[in-house]
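Laboratory data are not the source of any read-out in this text; all were calculated from the coordinates shown. Everything numeric here is computed off the predicted structure, so don't read it as measured data. Glycine also receives a Cβ, built like all others from the backbone with ideal geometry; neighbour counts cover every protein chain displayed.
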């Protein structure tokens, strides 16, 4: 990401990072990444409520990233002719009211992950489970794993020869095993959260093996 940021800035452009599937899965220090803006989902790897998320904008880019929509908190001062002065901080980008309970839920989750679980353990655990899942799937005849083994963490993409990804998802769901199929890419995806176990991944791969051999 840092290399992409450097190339982007050398071309005189800005880099906005969609971190929905990375924040909480891998270390993501926004200043080390060199991004100008960074948006993430709260309900995925961060274990927060649905409808939550976060947006980071570099402070020295505030004059570049203007508001598309204006809300009550997006202006420190305004007049009836449409002139306004935005707040000095990130609150300028809040264009609507927040749901206080969901925001409180996300904050509680972040504190729990940081203070009790520990980010270093989380990142290591997710990556270890991802590699374990990869290795188990790779051993199944008729299954192809498409995620690069040396550049992965907790997302493992695979296909079962002769079985549509949507059908794989459906049949696994009937066994209380929840994964996703990505229609645009024609693959299935396993997400290995830190809260998953090796036994659960064994059950997953045994079910996939049964499909592949059917």
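A few points about this structure:
- Cα gyration tensor shape of the range 110-163, rounded if a/c is under 1.5, else prolate or oblate by comparing a/b with b/c: prolate
- Fewest-first ordering of 25, 152 by other beta carbons within 10 Å of each residue's beta carbon gives 152, 25.
- Whole-number percent relative contact order across the range 119-213, with pairs defined as alpha carbons under 8 Å at least 6 apart: 32
- Axis angle, to the nearest 10 degrees, between helix 100-112 and the longest C-alpha principal axis of the chain: 60 degrees.
- For the range 14-79: rounded, prolate or oblate by the Cα gyration tensor [a/c cutoff 1.5]: oblate
- Enclosed volume per residue, in Å³, of the convex hull spanned by Cα atoms of the range 2-117: 121
- Cβ crowding within 10 Å ranks 68, 159 as 68, 159, fewest other Cβ atoms first.
- Where both bridge residues fall in the range 1-141, DSSP classifies roughly 65% of the beta bridges as antiparallel.
- Tensor-based shape of the range 144-214 (alpha-carbon gyration tensor, a/c under 1.5 rounded, otherwise prolate or oblate): oblate
- Here the range 54-195 has an Rg and Dmax of 22.2, 69 Å, counting Cα atoms alone.
- Acute angle (nearest 10 degrees) that the helix 119-138 long axis makes with the longest principal axis of the chain, alpha-carbon atoms: 40
- The ranking of 164, 79 by Cβ neighbour count inside 10 Å, starting from the fewest, reads 79, 164.
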